[in-house]
Amino acid sequence: MKQKVNIASVKENPDNPRFIKDSKFKKLVKSIKAFPEMLEKRPIVVDEDMVVLGGNMRLKACKSAGLFEVWIDIAEGWTEEQKKEFIVKDNVGFGEWDWDILANEWNTEQLADWGLDVWQPEEDVDYSILDDEDFSSDLEDMKNGVKKAIQIPFELEDYEEAFELVKYWREQGAYVGMMLIEKLKQEKK
């Protein structure tokens, strides 16, 4: 049953395993302040005791945004097991973004403001952390099973193919980093 209630009557769920920190939380607060009408279409789900099952971070953000009322939907008659299942399933991110559509049809600054982790164009990537760095201890760590990552930019149209290739070779048990190093060595000659 969907209704608007005093925000003080809704209780945060202390057992919620999901959280949003720092800048992403600030973006959520900003989003709620800019478009509070969306809360009616996506109410906070609570149990009969008014404890949040879905929307714990939205509730915190609503409080930070200074709202006095929030939309809720009461999950009546659910078992404790159903409540626990909902808490997790409500926060599982199924699906993937179509980056081509986002890149061509949406404003990336606006998407970032809304909380989406967007790609960085190559010219915005800071490679200075790789300059003059002593990698000898890192190489020793790699010998002991600890791996490091190097960010490699791709053109947007090549990203999905590169992602699928890396995924394929990882599933085959290949060390993708060494494959890349060997190919780069060959190209250098």
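Of the residues K27, K21, K41, only one is in contact (Cβ under 8 Å) with a residue 12 or more places away in the chain and either in the same structural domain as E76 (by TED's automatic domain parsing) or in contact with a strand residue (DSSP E or B) (Cβ under 7 Å, 6 or more places away or on another chain) (or both); which?
Exactly one of K27, K21, K41 is in contact (Cβ under 8 Å) with a residue 12 or more places away in the chain and either in the same structural domain as E76 (by TED's automatic domain parsing) or in contact with a strand residue (DSSP E or B) (Cβ under 7 Å, 6 or more places away or on another chain) (or both), namely K27.
Within segment 20-42, track down each residue that is of a type in the set (A, V, I, L, M, F, W, C) and loosely packed, with under 11 Cβ neighbours inside 10 Å. Quick ask: steps written out before the conclusion?
In the first step, residues of segment 20-42 are kept if they are of a type in the set (A, V, I, L, M, F, W, C); the result is 20, 25, 28-29, 32, 34-35, 38-39.
Of everything in segment 20-42, just one residue is of a type in the set (A, V, I, L, M, F, W, C) and loosely packed, with under 11 Cβ neighbours inside 10 Å, namely F35.
Answer with yes or no whether D49 is modelled with pLDDT of 95 or more and surrounded by fewer than 14 Cβ atoms within 10 Å (Cβ to Cβ).
Numbers: modelled with pLDDT of 95 or more: yes; surrounded by fewer than 14 Cβ atoms within 10 Å (Cβ to Cβ): yes.
Here the answer is yes, as D49 does meet what is asked.
So is W97 part of a loop (DSSP other than H, G, I, E, B), at pLDDT below 85 and surrounded by 10 or more Cβ atoms within 10 Å (Cβ to Cβ) or not?
yes
Can you give me the number of residues within segment 57-75 that are touching an Asp or Glu at 6+ places or on another chain (Cβ under 7 Å) and over 15 Å from K26 (Cα atoms)?
Residues meeting the conditions: 3.
The values are calculated or read from the model by the stated rules, or taken from the named source; none is laboratory data. Everything numeric here is computed off the predicted structure, so don't read it as measured data. Glycine also receives a Cβ, built like all others from the backbone with ideal geometry; neighbour counts cover every protein chain displayed.
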